[in-house]
Amino acid sequence: MMLSQRRSPVVASLQLPPVTTLLFIWVLSWGHATADTDIANMTALQKHVSFFDGNKDGIITPTETFEGFVAIGCDAAYSRDSASSVHAALGPITSPVDAPLPHINIHIDLIHRAMHGSDTGALDAKGRFVPRKFEEIFRKNAKVRPDALTSSEVEEMILANRDPLDPRSWSAPVNEWGLTYKLASDKDGFLHKDSVRGIYDGSVFVKLEEKRRSLRSEV
């Protein structure tokens with residue numbers, strides 16, 4: 001199954017709260033424009049979010065984000081709430097001025113506008129991957145194993161990266177790394193270096209989707 005064909009049967013049956021319902025109804029009823037995407041020249045951050053662009057048109061709708069979260073193993077309630085909050089926060093930031101209202105869709109070409117502080121620095125201000133800063137994640141924080149992180153090491157890293165002058169940025173790394181650890185750590189509790197690398201360019205999402213599809217086919 002191609003990623004662009006990803007669709008979840010639970011979308012239609014969800015009992016959505018008012019704000020989320022408005023987001024989904026608008027997308028399903030009115031549709032949206034398309035944006036030009038140059039996959040070959042995408043930054044790591046653009047590749048990261050493009051997993052959620054189900055039809056690969058350069059614009060991510062709340063419905064696509066919901067389906068993306070479900071595809072990588074999140075439950076429907078978490079996926080619904082996350083899609084709502086993510087688009088409420090990033091839609092206005094990444095929408096060009098001529099985009100149709102309301103600005104709830106995420107435009108991949110402008111995703112660098114959504115960069116936040118208190119992070120690892122493994123992505124620069126344009127969303128490009130910075131190998132040196134990525135290696136620092138493990139050099140500074142991986143104490144039990146040089147090529148993996150434990151849950152406590154992830155927590156310590158998040159706290160160490162907090163910018164005391166930017167407390168509004170503190171919650172994003174907690175949510176991002178928390179979900180990453182939950183979905184991508186192994187049975188022994190290690191989050192491996194290759195999985196973390198895959199988070200930055202979105203390739204680990206494809207593996208998680210394939211893993212979930214395989215498990216469902218075995219049931």
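Could you order peptides 61-69, 190-198 by the average number of other Cβ atoms within 10 Å of their residues, highest first? Can you show the working numbers first?
Details: 61-69: 24.2, 190-198: 18.7.
Answer by packing, highest mean first, reads 61-69, 190-198.
Here are some pairs, LYS56/LYS143; LYS47/LYS187; LYS140/LYS211; LYS126/LYS193; LYS56/LYS126; LYS143/LYS182; which of them have Cα atoms lying more than 29 Å apart in this structure? Walk me through the numbers on the way to the answer.
Values: LYS56/LYS143 40 Å; LYS47/LYS187 27 Å; LYS140/LYS211 31 Å; LYS126/LYS193 23 Å; LYS56/LYS126 21 Å; LYS143/LYS182 20 Å.
Table pairs above 29 Å Cα-Cα are LYS56/LYS143; LYS140/LYS211.
How high is the FRET efficiency between LEU110 and LEU165 when r is their beta carbon distance and R₀ equals 25 Å, given to the nearest 0.05?
Numbers: r = 25 Å, r/R0 = 1.02.
The formula returns an efficiency of 0.50 here.
Expressed in nm to one decimal, what extension gain is obtained for the pair GLU135 and SER85 from 0.36 nm per residue of sequence separation less their Cα-Cα distance? Intermediate results must be reported in sequence, preceding the final value.
Numbers: separation 50, 0.36 × 50 = 18.00 nm, distance 3.08 nm.
Computed gain between GLU135 and SER85 is 14.9 nm.
Report the convex hull volume per residue for region 108-219, counting only C-alpha atoms, in Å³. Could you put the intermediate results ahead of the total?
On the way: hull volume 13.0 nm³, N = 112.
Normalising the Cα hull of region 108-219 by residue number yields 116 Å³.
How about region 91-138: which chymotrypsin sites (Phe, Trp or Tyr not before Pro) there are in a DSSP loop, with at most 10 other Cβ atoms within 10 Å of their Cβ? Intermediate results must be reported in sequence, preceding the final value.
On the way: sites: PHE129, PHE134, PHE138; in loops: none.
The qualifying sites: there are none.
Can you put ARG80, ARG213 in order, fewest other beta carbons within 10 Å first?
Working: ARG80 26, ARG213 13.
Listed from fewest to most nearby Cβ atoms, that is ARG213, ARG80.
Can you work out ³J(HN,Hα) from phi for every residue in region 145-158, in order, using Karplus 6.51 cos²θ - 1.76 cosθ + 1.60 and θ = phi - 60°, giving whole Hz and x for Gly and Pro?
Per-residue couplings from phi come out as 9, x, 10, 7, 10, 8, 4, 5, 5, 5, 4, 5, 5, 4 Hz.
Just to be sure I understand the model, the point goes 7 Å from the Cα along the line to the Cβ. What's the resulting ARG145 to ARG213 distance in nm?
Inter-label distance under the simple model: 2.7 nm.
Ranked by Cβ crowding within 10 angstrom, fewest neighbours first, how are HIS116, HIS87 ordered? Please list the in-between numbers first.
Values: HIS116 15, HIS87 27.
Final ranking by Cβ density, sparse to dense: HIS116, HIS87.
Using Cβ contacts closer than 10 Å as the measure, can you line up ILE111, ILE60 from fewest to most?
ILE111, ILE60
Just so you know, all these numbers are worked out from the coordinates, no wet-lab data involved. Fair warning: this is a prediction, and the values are worked out from it, not measured in the lab. Heads up, the Cβs are rebuilt from the backbone with ideal geometry, glycines too, and the neighbour counts pull from every protein chain shown.
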